[in-house]
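Engineer: Have a look at this one.
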Amino acid sequence: MGSTLLQKVWDLHTVRRLPTGQTQLLVGLHLVHEVTSPQAFDMLRLRGQRVAMPDRTFATVDHIVPTDGQPRPFLDDMAEQMMAALERNCREFGVPLFGLDSADQGIVHVIGPDLGLTQPGMTIACGDSHTSTHGAFGAVAFGIGTSQVRDVLASQSLAMEPLKVRRIDITGELGPGVYAKDVILAIIQRLGVNGGVGFAYEYGGPVVERMTMDERMTLCNMSIEGGARAGYVNPDETTIAYLRGRRFAPTGDAFERAAAWWRAVASDADAVYDDRVVIDGATLAPMVTWGINPGQSLPVDGRVPADAEMDASEHAGVHDALEYMGFTAGAPIAGTRVDVAFIGSCTNGRISDLREAARVVEGRRVAGHVRALVVPGSKRVAEAAEREGLPGIFRAAGFEWRAAGCSMCLAMNPDRLEGREVCASSSNRNFKGRQGSPIGRTLLMSPAMVAAAAVAGEVIDVRRMLPAGGTR
Ligand code: SF4
């Protein structure tokens, strides 16, 4: 009987089984950012401890970074303090920092893969929920809290509960205008936001095998929104080609040896799974969320659900969501007026996302009432976009072109919704107040769908606006 990738990586990184039933796992890569690390470093200082493996620890700044070019010190004193604390901590503890003066600064889940730090067969931890992104490479990657950040800094290991594995196969072929974002929104819509509790999701099947690494990262990024502790794709030739030549990837013979091992760490053909789900990719349409969790979504040509269509246990949650969002049960989601359009985040702030959005807006204008932002996921993504002339396309259409950061994904920086604004967003969470205003409303969708909404001034099916040809 074969093993899954999760089992292989887990076994290889097991330090010992703990009396609690947990496993002490060695962490191969620890990524750090300014929000969840200050207290962790303070706790180390109090105990007189050092960072156990500073050569396996890398820091960047993303959440609080103003994307409008604000100079230091930042206007927001709290942001300035966090930034200064990370700089001081990295200096004192010998942790490399990709700060604002680094060409490699960006969202932690964008720069790790971009730099080749993220590699197959690794265990990866970071004090951010969307660490599951790195599973796209066949790594086992977990988001952790501040006390666990302290543990990993001090011991380079983590106490973890065992996980089951659910294999999710996406068969067939995605239609034009249907992206990885639509696939993961559809998965969460079907399995529920708690459907993955206790599981790691292994994504596979022909659609996933054909996906680029950027697309696989979008897929794995939102595993956590479906309740899964991690999500991954088995490493293959696409993974290996992506990593070749990256700054922190092995070189020469060492790369070939690593690649052979990466292939071997993939799940065996006869691996046994705790659960299996199959979704026909050809049945999927562009998705939009209508509610206050990422599972409350529907195809763009659908209608906001009414009581009759759902289980009685869901009524209270649905009524709450409808009331907050201001939707009427049974209303079509297409045609919903949007005030803000946000393209960015660790889910969809990569170069391929910006290319797809640019294809939609090229030669068009953002609707007069819409505030539209494009925020690249990293400085490297911004540079790549500049080489391709994408900022000019966005600016000509009426978008603001910003500096790299998390921006309006969570509004720990000046990019925020105001009042009851509705935002078409390529990010990953539509919780109440997520984008800064306690009454602001978020509609999650693909970057191409956000671009289409920005132009139309309302939710619209991007398939009506895509030019012929292109990636999809
Ligand atoms: S883009 Fe959003 S989800 Fe991703 S790391 Fe930043 S705040 Fe977290």
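Engineer: Return the residues of region 374-390 that are in contact with a strand residue (DSSP E or B) (Cβ under 9 Å, 6 or more places away or on another chain), more than 13 Å from the ligand (Cβ to nearest atom), open to solvent by less than 30 Å² (accessible area, probe 1.4 Å) and under 27 Å from residue 83 (Cα atoms); say none if nothing qualifies.
Structural biologist: 374, 382, 385 - these are the residues of region 374-390 that are in contact with a strand residue (DSSP E or B) (Cβ under 9 Å, 6 or more places away or on another chain), more than 13 Å from the ligand (Cβ to nearest atom), open to solvent by less than 30 Å² (accessible area, probe 1.4 Å) and under 27 Å from residue 83 (Cα atoms).
Engineer: Check off (1) closer than 25 Å to residue 182 by Cα; (2) within 16 Å of the ligand (Cβ to nearest atom); (3) not in a helix (DSSP H, G or I) for residue 413 and give me the number that stays unchecked.
Structural biologist: Of (1) closer than 25 Å to residue 182 by Cα; (2) within 16 Å of the ligand (Cβ to nearest atom); (3) not in a helix (DSSP H, G or I), only one is false for residue 413: (1).
Engineer: Exactly one of these conditions fails for residue 128: (1) more than 22 Å from residue 13 (Cβ to Cβ); (2) touching a residue at least 40 places away in the same chain (Cβ under 8 Å); (3) of a type in the set (Asp, Glu). Give me its number.
Structural biologist: (1)
Engineer: Is it the case that some residue within region 78-86 is more than 16 Å from the ligand (Cβ to nearest atom) and of a type outside the set (A, V, I, L, M)?
Structural biologist: So far as region 78-86 goes, yes, one or more of its residues are more than 16 Å from the ligand (Cβ to nearest atom) and of a type outside the set (A, V, I, L, M).
Engineer: Then there is this: Across region 391-410, what is the total count of residues that are part of a loop (DSSP other than H, G, I, E, B), closer than 20 Å to residue 455 by Cα and within 16 Å of the ligand (Cβ to nearest atom)?
Structural biologist: Result for region 391-410: 1.
Engineer: Across region 453-472, which residue is nearest to residue 225 (Cα to Cα) among those that are open to solvent by 10 Å² or more (accessible area, probe 1.4 Å) and assigned to a helix (DSSP H, G or I)?
Structural biologist: 463
Engineer: Please find, among 357, 341, the residue that is assigned to a strand (DSSP E or B) and closer than 25 Å to residue 448 by Cα.
Structural biologist: 341
Engineer: Does region 144-164 contain any residue that is closer than 26 Å to residue 353 by Cα and in contact with a strand residue (DSSP E or B) (Cβ under 8 Å, 6 or more places away or on another chain)?
Structural biologist: Scanning region 144-164, I find no residue that is closer than 26 Å to residue 353 by Cα and in contact with a strand residue (DSSP E or B) (Cβ under 8 Å, 6 or more places away or on another chain), so the answer is no.
Engineer: Filter region 182-198 down to the residues that are touching a strand residue (DSSP E or B) at 6+ places or on another chain (Cβ under 8 Å) and buried (at least 24 other Cβ atoms within 10 Å of the Cβ) and list them by number.
Structural biologist: Of everything in region 182-198, those that are touching a strand residue (DSSP E or B) at 6+ places or on another chain (Cβ under 8 Å) and buried (at least 24 other Cβ atoms within 10 Å of the Cβ) turn out to be 182, 183, 185, 187, 188, 196.
Engineer: OK, next. Checking the condition open to solvent by 50 Å² or more (accessible area, probe 1.4 Å) and under 25 Å from the mean Cα position of the chain (by Cα), which residue from 76, 68, 104 passes?
Structural biologist: Selected residue: 68, the only one of 76, 68, 104 that is open to solvent by 50 Å² or more (accessible area, probe 1.4 Å) and under 25 Å from the mean Cα position of the chain (by Cα).
Engineer: May I pose another question? Keeping to region 290-316, report how many residues are open to solvent by 40 Å² or more (accessible area, probe 1.4 Å) and at pLDDT below 95.
Structural biologist: Final tally of qualifying residues: 9.
Engineer: Could I ask something else about it? Considering only region 281-289, I want to know if a residue exists there that is more than 16 Å from the ligand (Cβ to nearest atom), open to solvent by 30 Å² or more (accessible area, probe 1.4 Å) and either in contact (Cβ under 8 Å) with a residue 40 or more places away in the chain or of a type outside the set (Asp, Glu) (or both).
Structural biologist: Yes: one or more hits.
Engineer: Select, from 125, 154, 136, 141, the only residue that is small (Gly, Ala, Ser), in a helix (DSSP H, G or I), within 15 Å of the ligand (Cβ to nearest atom) and at pLDDT 95 or above.
Structural biologist: 136
Engineer: Where residues in region 157-181 are part of a strand (DSSP E or B) and in contact with a Pro (Cβ under 8 Å, 6 or more places away or on another chain), which of them is surrounded by the fewest Cβ atoms within 10 Å (Cβ to Cβ)?
Structural biologist: Checking each candidate, the answer is 171.
Engineer: Among 352, 407, which is the only one that is open to solvent by 20 Å² or more (accessible area, probe 1.4 Å) and among the polar types (S, T, N, Q)?
Structural biologist: 352
Engineer: May I pose another question? What residue, among those in region 430-452 that are out of contact with any strand residue (DSSP E or B) (no Cβ under 7 Å at 6 or more places or on another chain) and open to solvent by 40 Å² or more (accessible area, probe 1.4 Å), is farthest from residue 335 (Cα to Cα)?
Structural biologist: For region 430-452, the residue satisfying everything is 438.
The values are calculated or read from the model by the stated rules, or taken from the named source; none is laboratory data. Bear in mind that the values here come from a model prediction, so they are computed numbers and not experimental data. When we count neighbours, we look across all protein chains shown, and the Cβ atoms used for this are built from the backbone with ideal geometry, even at glycine. These accessible areas exclude ligands, DNA and RNA; they are computed on the full protein's heavy atoms, side chains included. Shrake-Rupley method; radii C 1.70, N 1.55, O 1.52, S 1.80 Å.
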